[in-house]
Amino acid sequence: MRRRVVVTGIGLISPHGDSPGAVFDALMAGRSAVARWSSGGAPPALAARAAFDSTHWFTRLQLAGVDRVSQIAVAAAELARADAGLDALDERSGIYVGTGMGGAAAIDEAFARYAESGRVPPLTVPAFMPNAPAAHIAMRAKVHGPVLTYSIACASSAVAIAEAAKAVALGEVERVLAGGSEALLVPGAIRAWQALQTLASPESEDPSRACRPFAADRTGLVLGEGAAFLLLEPFEAAKARGARVYAEFAGSGVSCDATHLTKPDVAGQVRALVAALRASGLSPADIGYCNAHGTATRAGDVVECEALAQVWGDAIGALAVSSTKSMHGHLLGAAGALEAAITVLALERRSLPPNMHCGPQDPACRVALVQEPHAEAPQLRAAISNSFAFGGTNAVLAFRRCD
Amino acid sequence: MSTLEELKQLIHKTFDIDAATLKADAPLEEYGLDSLSLAELLFAIEEHFNVDLPDSRSGVNTLAGLAALIDDLRTPKAA
């Protein structure tokens, strides 16, 4: 028998800060965290950096071989555990982490030093290995159950949450920290993204408005960094210990386009959306809000809107859609987790974060965008969060209110 | 500055361990260094002192031992 799974904790190290309430308030107000980024001789870029004070979490000795991606993962996971009112986790707990790149700073430094002197720091491998964040969280939280890493590009942490929720529902684990971490704002990684020609134009007069999902004049995505974790547990267990319940994890859908490595595909996204609705027992009319993947690339936004339109049909006008990437940028492997947290908070507060910086909407993106800050949704009962990855994997998470 | 003192300063700079608490003859594990942080320290020593530590450093797990090894490596060898 499947158990109901609920979200009882949220932990964030994000471009808008580390307090879930304050992060949500900033998003509701339409505040963008995107700013100009520069480093050494690298070409100008835009990015949404997450402020993080490592000394609050680690001694210098503890930081040996611990990349920033692991540091912020540990912090966000600890914050989620504490937010859930739990002092400790145990052998019946698990950790499910999504990350796209792993320790980018360690790789960047190693390659730079190698080019310069031929010498590479000895802890480069343990620092950059993609499962390091999960391992560091496990050591810190003393979690002895499944400690797993999912690297599925931009769907990494959405899939991690889906898999974690499934494990809780099936009784394999009692409590999970599920989320993701990404920290690749280093010269080499940014130049690689620039070379791919997917980034928003850095020429924009106001960098904070550079990411314009679904807008006619959108120019591409803006890289962000951060970590986000949810504490998931069975509904009955949460009730028994009197825990605050943000929302219920209703279900998920995962599919793969299997058509092209980077070009999104309507049919593949439709399959994930339909699967999420089926798994959660929800119909399109039940879903009041969609936190879109919406990266603001020319191709991606149109395909996502077409997929939503195919599944929602005539009801598409009643689905409020926003891409909060317009404000926090694209956290890649951590995007699904941050956006799941935002979706959960939207449900809890019955408020819809806006899709900022969209002046004239692209006529090819026919969805009902949340255009203005501070939108209330008193009837909101269920919501979805979309994450569509390079590699073709699509993940849709569905949440519902618990009342 | 003696090599030992220089080593203490390097450890302070690398790991933020108070140099005054570091004893010449205590095993480095006593200060919380494990195999990973020790590897990082040895790399930092090589960079700082411009030496190439031999792969076999058997028995060298104290600051005094490391300082002696560094001094030995920095002494010009007769041809």
Which numbered condition in (1) touching a residue at least 40 places away in the same chain (Cβ under 8 Å); (2) touching a Gly at 6+ places or on another chain (Cβ under 8 Å) is the only one that residue A:51 fails?
(1)
What are the residues in the range A:102-134 that are away from chain B (no Cβ under 11 Å) and of a type in the set (Val, Ile, Thr), if any?
A:107
Going through A:64, A:112 one at a time, which residue ends up being in contact with a helix residue (DSSP H, G or I) (Cβ under 9 Å, 6 or more places away or on another chain), over 23 Å from residue A:331 (Cα atoms) and part of a loop (DSSP other than H, G, I, E, B)?
A:64
If I filter the range A:67-109 down to residues being assigned to a loop (DSSP other than H, G, I, E, B) and among the small types (Gly, Ala, Ser), which single residue comes out as surrounded by the most Cβ atoms within 10 Å (Cβ to Cβ)?
A:103
Residues that are charged (D, E, K, R) and in contact with a Leu (Cβ under 7 Å, 6 or more places away or on another chain), drawn from the range B:20-51
B:40, B:46
Given the conditions (1) on the phi < 0 side of the Ramachandran plot; (2) under 16 Å from the mean Cα position of the chain (by Cα), report the number of the one that residue A:309 does not fulfil.
(2)
Restricting the search to the range A:58-100, which residues are over 30 Å from residue A:388 (Cβ atoms), under 22 Å from the mean Cα position of the chain (by Cα) and either modelled with pLDDT under 95 or within 14 Å of chain B (Cβ to nearest Cβ) (or both)?
A:66
Just one of (1) within 10 Å of chain A (Cβ to nearest Cβ); (2) of a type in the set (A, V, I, L, M, F, W, C); (3) within 12 Å of the chain's Cα centre (by Cα) trips up residue B:53, so point out which.
(1)
Of the residues in the range A:376-403, how many are surrounded by fewer than 18 Cβ atoms within 10 Å (Cβ to Cβ) and hydrophobic (A, V, I, L, M, F, W, C)?
2
Of the residues in the range B:16-50, those that are among the small types (Gly, Ala, Ser), assigned to a helix (DSSP H, G or I) and within 12 Å of chain A (Cβ to nearest Cβ) number 4
Test residue A:74 against the stated conditions and say whether it is of a type in the set (Val, Ile, Thr), in contact with a Lys or Arg (Cβ under 9 Å, 6 or more places away or on another chain) and under 15 Å from residue A:181 (Cβ atoms).
yes
Take the conditions closer than 20 Å to residue A:97 by Cα, surrounded by 18 or more Cβ atoms within 10 Å (Cβ to Cβ), of a type in the set (S, T, N, Q) and within 14 Å of chain B (Cβ to nearest Cβ) and apply them to residue A:14. Does it pass?
no
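The values are calculated or read from the model by the stated rules, or taken from the named source; none is laboratory data. All values reported here derive from a predicted model rather than from experimental measurement. Methodologically, a virtual Cβ is constructed for each residue, glycine included, from the backbone with ideal geometry; neighbour enumeration extends over all protein chains shown.
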